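Contents: one structure, followed by commentary.
What follows draws every value from the coordinates through simple rules; no lab data is involved. Small disclaimer: the values here were computed from a predicted structure and weren't measured. Every residue, glycine among them, receives a Cβ derived from its backbone with ideal geometry; neighbour counts consider all protein chains shown.
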Amino acid sequence: MSEARAPSPGGNEPARSSDPMPAPAEAVALVDISKRFGSVVANDRVTFVAYSGEVHALIGENGAGKSTLMSILAGMYRPDSGVLRIGGKVADLRSPADAIERGVGMVYQHFMLIESFTVTENVMLGLAGEGFRLDTAHVEAELRRLSDAYGLGIDPGAYIWQLSVGEQQRVEIMRLLYRGARILVLDEPTAVLTPQEADSLIATLRQMASEGFCVIFISHKLDEVLAVADRITVLRHGAVIDTVDAASASRQELARMMVGRDLASALLDEDELTSHRTGDVVLAINALTAANDKRLPALQGVSLEVRAGETLGIAGVAGNGQRELAEVITGLRPARSGSVMLDWRDITSEHPRAIARAGVAHIPEDRIGTGLVGSLDLSSNAVLRAYRQRPISKGPFLSSRAIARFTDSLIGSYDVKTSGRSARLRDLSGGNQQKLLIARELAGEPKVIVAVHPTRGVDVGASEAIHDVLRAQRLRGAATLLISEDLGELLALCDRIAVLYEGRVMGIVAARDADAETLGLMMAGTSAGHIAAVRGAA
Amino acid sequence: MSGAPATGRLSGPDRARGSGWRLERVSNPSTVAQIVVPIASIVAALVLGGLIIFGAGENPLTVYREMATGAFGSQYQLSETIVKMTPLLLTGLGVAVAFRMQLWNIGAEGQFYLGAIFVTGVALFGLPGALLAAGPWAVIPVLVLAGMLGGALWAAIPGVLRGYLGVNETITSLMLNYVAILLSEWLVHGPWKNPVGYGFPGTEFFPAAPFLPTWGTTRVHLGLFFGLIAGLVLFVVLRRTRWGYEITVTGGSERVARYAGMATARNIVIVMLVSGALAGLAGMAEITGIGHSLQRGLSPGYGYTAIIVAWLGRLNPFGIIVVAFLLAGLLVGGEQLQLSLGLSSAIAPMLQGTILFFLLGGDLLTRYRIVRRAATPEPFA
């Protein structure tokens, strides 16, 4: 490994953008790429070109084929057909190693770092060194230089476990820079960041583009895409809809291309809000505290109220107590103190089945693994709540006829696409699995619905259907606690939004008055009261 | 310049390691494959076994013919096969119940011994004269309960440890096998030793009443009936009851079972009790049907062969009945080789191993197919 492998960030050179604009150099070109997984077409004759010196955003809804396309560029998948050019030369990538050799590096949503190693050790992992000797000092010096040049603020000697999620992401970027990547692909890099961290990432990416890097940025968040990108390519259902200049693009136009219709319809409309009256408080949570799996405090005095016919959203960066909150309410995790009241009856830490029977539905975070058994058939999964009740259960025996009827009714009324009730659950798509789960949980017309990331990893169509179901439940009078990381989803479905940070409620705002900045500040740990005070003073 | 370091490990998730051979799951194995593949596997195993036999200087066809007649050739031989099948069936069912819940109880051997020890204790020292006088039909139910209790209590140890403390049941149940076998050794050499046994390690013979009735002049005893009834009951319980459903769900995912409010810890203990009770019943049947006293080396490893029986029977009670019969035939036929051809009895376990190897391999091929490609076919979110 020579010094020349690391790119020169050109601290002394003038930024390239100040040069008279040369004809843009093609960094990568994916031409006519198709890729299918079984019967699912992930990419359908996609053509995508990105130039050196630009930040190119690739946007689209979940399942639009963004990640697949970029994984092809990064050597993870081979396309079924189509041509890949890197730096103008046709490339046949057989592995991620091939890709990085040609200067393409990808930062995945899940980082590939070893927690108990230092930054330097992680960067050195897998590099072909000379013999057994590890030249740590040399690598460390180089990393320090990169960190300074790009304002990454990473100490190469730090252990990964000491770093925040945002810092770990910067380690991933630094590693790719060290390996000489000139084309950086980032898969939804801001999903795990607070808005403030996201801003600093965007600044870094802009700087890199100005130095001639090609940065490809996968996202489905329009505001940040408009802030970071030079050009934007929109994917929908595996095909390219258009590539536009960010400067001339509007939010509405992009949204229409992404979703295929106007986004405005997604928000709860005025009518729906005003004509619909919420009822009495159904779910009351008082000063609730609970521990996480590591026995550390996860909830530190959470108080919330949800009324009949109301949807209360819980926003927050992952890992701030959302999972624990849902689990305590549904009886899967004991409360340390405080209480959960359902219709003014104390159900704190009751048996999960008793809570479910009292009218609390639970759409858990992990579909398979918590709510559904992948290896069993649809029937077995459908009766998970009802198997002890008539007519499915007759004494200790189960009626297969009643099970079949019940399963078919869930499949029919929620339009679950399947070959039949005896199909194995795992063979369904994520969206159809989720529909079956929701159908089961809502079958008893619950008073309270605790929904955690109900549309995560679900295709657009199913996601729409799930949103419609939750809206209908709200109108029916269910009190819904909707935990989501997707602000768009929260704004589209909720009456009020509470922000959870380190196990505390930072504030609750009406969805109609919510703005991204306030929510972002609260997600980063500023209380609503503090924000108001600062604004009042200003 | 770029020194082409091997970066595959770093740049992608573990599951994508560039091109190469890999297994890909088949979502719906065809019915034809499910029937043809096991048969082809057995044929392939017999061919390989035949080569080994040929290498040992024998004619494989002669050997196979001898084995077949040795196991199924006459009424007597068939009856001996059924005698061997009985403990395999009961222990196999016991193991299968636990396996269905993903509880790896490999302690059937020890539970078998404990059943036999409890029965011996009761038969020799615990039966009041009045009960003995009432004849086998009064005594047998008592001994059945004693045998099941012995096996169940032995299995309860790993069960409780697993259910309430999360201790790995594979290790505890396995280690308790050695404890059980040594316990029985100590009893037959020590406190329960037959005073008129000419130094042979074993207890006194039971009084006549605890003998299980046999079929005609053969050694086939009532234990077979226990096994068939147990298989039938298990089938109904697992497929048609609430509790069976809970077992199936818990086996699929313990987290889901907790989410649904099932008492997983309690179910784990109950399943281990049932599993152990069936193995204990096997020990009871063996000792009251065949040995009529506790002897050293009571089981030639029934509790371990039970794992193979359960697995090959796909944890299905009816499948287990068929597999127990065939494996018993293999064992009896193998012993026959020793008598008629003077061959080593090791041929039978060799064939057993070869058949198992091919069946499991064939099973893999029905559920997966081998593909060669650059990266995994799974889309990721």
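Annotations
- Between region B:310-342 and region B:215-285, the Cα center-to-center distance that results, in Å: 22 Å
- Whole-Hz couplings from phi, Karplus 6.51/-1.76/1.60, listed for region A:497-509; x for Gly and Pro: 10, 9, 10, 9, 9, 6, x, 10, 7, 7, x, 10, 10
- Full extension of the segment from residue A:375 to residue A:253, taken as 0.36 nm per residue of separation minus the current Cα-Cα distance, would add 39.6 nm.
- Between the listed residues A:76, A:340, A:286, the Cα displaced farthest toward the positive end of the dipole of chain A, a dipole computed from Cβ unit charges relative to the Cα centre, is found at A:340.
- About the Cα centre, charge dipole magnitude for chain A (Lys/Arg +1, Asp/Glu -1 at Cβ), debye: 2140 debye
- Charge dipole of the protein assembly as shown (Cα centre as origin; +1 on each Lys and Arg Cβ, -1 on each Asp and Glu Cβ, all else neutral): 2800 debye, rounded to the nearest 20.
- Per-pair calculated FRET efficiency, R0 = 30 Å: residue A:196 and residue A:292 via Cβ, rounded to 0.05: 0.80
- Lysine pair count for chain A [Cα-Cα under 23 Å; pairs on different chains or 8 or more apart]: 7
- Calculated FRET efficiency for the pair residue B:185/residue A:530, C-beta based, R₀ 60 Å, to 0.05: 0.20
- Taking amide H as placed 1.01 Å from N in the peptide plane, residue A:42 has its amide H under 5 Å from the amide H of A:35, A:36, A:37, each at least 5 places away in sequence or on another chain.
- Dipole size of region B:222-331 about its Cα centre, with +1 on Lys/Arg Cβ and -1 on Asp/Glu Cβ: approximately 300 debye, rounded to the nearest 20.
- Zone of residue B:240's modelled label, taken as backbone nitrogen in region A:362-396 under 16 Å from a point 7 Å along Cα→Cβ: A:392-396
- Normalised contact order of chain A, rounded percent, pairs of Cα under 8 Å and 6 or more residues apart: 14 percent
- Taking every C-alpha pair closer than 8 Å and separated by at least 6 residues, the mean separation divided by the residue count of chain B gives a relative contact order of 36 percent.
- Helix A:165-178 axis, angle to chain A major axis (alpha carbon atoms, nearest 10°): 30 degrees
- Gyration tensor (alpha-carbon) shape descriptor, region A:328-393, a/c threshold 1.5: oblate
- Put simply, the amide H of residue A:398, placed in the peptide plane, has neighbours under 5 Å in B:241, B:242, leaving out anything fewer than 5 places away on its chain.
- Ordering B:233, B:55, B:279 by the projection of their Cα atoms onto the charge dipole of chain B, which places +1 on the Cβ of Lys and Arg and -1 on the Cβ of Asp and Glu, puts B:233 at the extreme positive end.
- Sparsely packed trypsin sites (Lys or Arg not before Pro) within region A:415-476, loop by DSSP, other Cβ within 10 Å at most 15: A:417
- Distance in nm between pseudo-label sites at residue A:349 and residue A:405 (7 Å out along the Cβ direction from Cα): 4.2 nm
- For region B:344-356, Karplus couplings with θ = phi - 60° (6.51, -1.76, 1.60), whole Hz, Gly/Pro x: 5, 6, 5, 5, 5, x, 4, 5, 4, x, 5, 5, 4
- Amide hydrogen proximity for residue A:60: with H placed 1.01 Å from N in the peptide plane, the residues at 5 or more positions away or on another chain lying under 5 Å are A:219, A:235.
- Averaged over A:105-111, number of beta-carbon atoms from partner chains that fall within 10 Å: 2
- Degrees between helix B:317-340 axis and first principal axis of chain B (Cα, 0 to 90, nearest 10): 70 degrees
- Extending 7 Å from Cα along the Cβ direction at residue B:33 and again at residue B:360 yields two label points whose distance is 2.0 nm.
- Spacing of the two label points (7 Å from each Cα toward its C-beta) at residue B:340 and residue B:42, in nm: 1.9 nm
- For chain A, the residue among A:238, A:487, A:372 whose Cα projects farthest onto the positive side of the dipole built from Cβ charges is A:372.
- Exposure rule at most 10 other beta-carbon atoms within 10 Å, DSSP loop chymotrypsin sites (Phe, Trp or Tyr not before Pro): chain A longest free segment: A:133-343
- Counting only lysines at least 8 places from residue B:84 when in the same chain, there are none with an alpha carbon closer than 20 Å to its own.
- All aspartates and glutamates inside 20 Å of residue B:193 as judged from Cα atoms, apart from same-chain residues fewer than 8 positions distant: B:185, B:204, B:286
- Contour excess over end-to-end distance, with Cα ends at residue A:242 and residue A:203 and 0.36 nm allotted per residue: 11.5 nm
- Karplus-derived 3J(HN,Hα), 6.51/-1.76/1.60, for each residue of region B:166-182, Hz, glycine and proline x: x, 6, 4, 6, 4, 6, 5, 5, 5, 5, 5, 4, 5, 4, 5, 5, 5
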